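Read the figures in this text as sums done on the coordinates, not as results from a lab. Every value quoted in this text rests on a predicted model; they were computed, and no experiment measured them. Because the Cβ atoms are built from the backbone with ideal geometry, glycine has one as well, and the counts that use them run over all protein chains shown.
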Amino acid sequence: MSFVSKVAVIILNWNGKEILSEFLPSVVKYSQYPDIHIYVADNGSTDDSVDFVKTHFPTVSVIKLDKNYGFAGGYNKAMEQITEKYAVLLNSDVEVTEHWLEPLIAHLDQNEKVAACQPKLLSYKKKTEFEYAGAAGGYIDKYGFPFCRGRFFNVFEQDNGQYNQIEDIFWASGACLFIRTDIYKQVGGLDHDFFAHMEEIDLCWRIWARGYSIAYIPQSKVYHLGGATLSKTNPHKTFLNFRNNLYLLYKNVHVHYGRIILMRYLLDFIAFVKFLLGFEFSNARAVIKAHREFLSNRKRFKTKRLENIKLATVKEIPTIYKGSIVFDFFLKGKKYFYQLNFRK
């Protein structure tokens, strides 16, 4: 297959020599095309990972940043320096497979209104199981809770070919986000105030609201280790997830915001109580801290909210689930994507 466009594969690194040594070889091996350029964007590492890349992977370019800008800020800084038509925001702990780029490139080449897409994300440790951070494409419910085809909360499906069709999705995973460079810059890139976690969902929300779509391309397959930065049970991750989800809703919900945020307060209080009853006191404190920081920073986000309202051209995004994934999962026992009704 001949490519008609250039692609920048951007891997964000922070003190990740061991991770790079394990996963970068597959990226180099399976991205050997004349119009593919691999970059490692270094977020102010203090280990010798930059020298390691320069020594062992001479075909990989290093974008050296002066400090740790986080996931969002680091990628934004890197995107400022690339000129390729398409970019892949690729986590450093992703193993790619042969011909992983061709289906992604082909889909965007053939569909001008598709701004971004993701491959099938499987677990690096359990190769036949869908992975937490993206699985077979991301969605969100009306209260802002993200979920994936192939993964509801901590229930993971085996990949038996049930998600082998190209589909519209609400959000593409930041573990392997393939996107048009001009659209990324046009909608403002990743929000650096998120620092890490859910910033790709915020980006995808803006993309949908401004008249573009996002797709899942199962013909491309990668394996994600996950948890390389923060484990799922880390209190700081709990804090970021709860805080950033509140940011997400405030920035992007334009209709019935008051009703939705009140329900979120109730659901987050239930989560707080659940952490207490489970003696997870650090996670319980993280929920309280998240709400306090959201309230103290809400004024700073008002300009972003007003800009999103002004620039939105789509009022009802079809890939937002109108129900509650929390109620469906915990009260109705729905554990799989096919059990949801997106038409209601």
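Things to note:
- Rel. contact order, % - alpha carbon contacts under 8 angstrom, at least six apart, the chain: 18
- Helix 281-311 axis versus longest C-alpha principal axis of the chain: approximately 80°, rounded to the nearest ten.
- Cα-based reach from Lys334 at 16 Å (exclusive), listing lysines while leaving out same-chain residues under 8 positions away: Lys322, Lys344
- For segment 86-233, lysine pairs separated by 8 or more sequence positions, or belonging to different chains, with Cα-Cα distances below 26 Å total 15.
- For His256, neighbours were defined as the other residues whose beta-carbon sits under 14 Å from its Cβ, and their charges (Lys and Arg +1, Asp and Glu -1) total +3.
- Charge dipole (Cα centre; +1 on Lys/Arg Cβ, -1 on Asp/Glu Cβ; no other charges) of segment 91-139 amounts to roughly 220 debye.
- Proximal aspartates and glutamates to Lys6, defined as alpha-carbon separation beneath 19 angstrom and excluding residues fewer than eight positions away on the same chain: Asp35, Glu80, Glu84, Glu98, Glu102, Asp109, Glu112, Asp182
- MRE, 222 nm, helices only [DSSP H, n ≥ 4, -39500 (n - 2.57), over the chain, to nearest 500]: -12500 deg cm²/dmol
- Note that segment 235-313 carries a Kirkwood radius of 13.3 Å, evaluated over its alpha carbons pair by pair.
- In this calculation the C-beta distance from Tyr338 to Met263 is compared with R0 = 30 Å, giving a FRET efficiency of 0.75.
- Between the helical axis of 17-29 and the longest alpha-carbon principal axis of the chain there is an angle of about 60 degrees.
- Virtual spin-label span in nm between Ala106 and Thr46, 7 Å along Cα→Cβ: 4.7
- Taking Cβ atoms as reference points and 14 Å as the exclusive limit, the residues near Lys127 contribute a net charge of -1, counting Lys and Arg as +1 and Asp and Glu as -1.
- Aspartates and glutamates with Cα under 17 Å of Lys310, excluding same-chain neighbours fewer than 8 positions away: Asp202
- Nearest 10 degrees, 0 to 90: helix 70-79 Cα axis against the chain principal axis: 40
- Long-range amide H partners of Cys176 with built H, under 5 Å: Asn91
- FRET E, pair His99, Arg292, Förster distance 45 Å, beta-carbon r, rounded to 0.05: 0.40
- Calculated P(r) tail over 37 Å for the chain, as whole % of Cα pairs: 14
- Across segment 235-313, C-alpha contacts under 8 Å between residues 6 or more apart give a mean separation that, scaled by the residue count, equals a relative contact order of 50 percent.
- Beta bridges by DSSP in the chain, antiparallel share as percent, to the nearest 5: 45
- Loop-located GluC sites (Glu not before Pro) in segment 289-329 (DSSP state not H, G, I, E or B) with no more than 11 neighbouring Cβ atoms inside 10 Å: Glu316.
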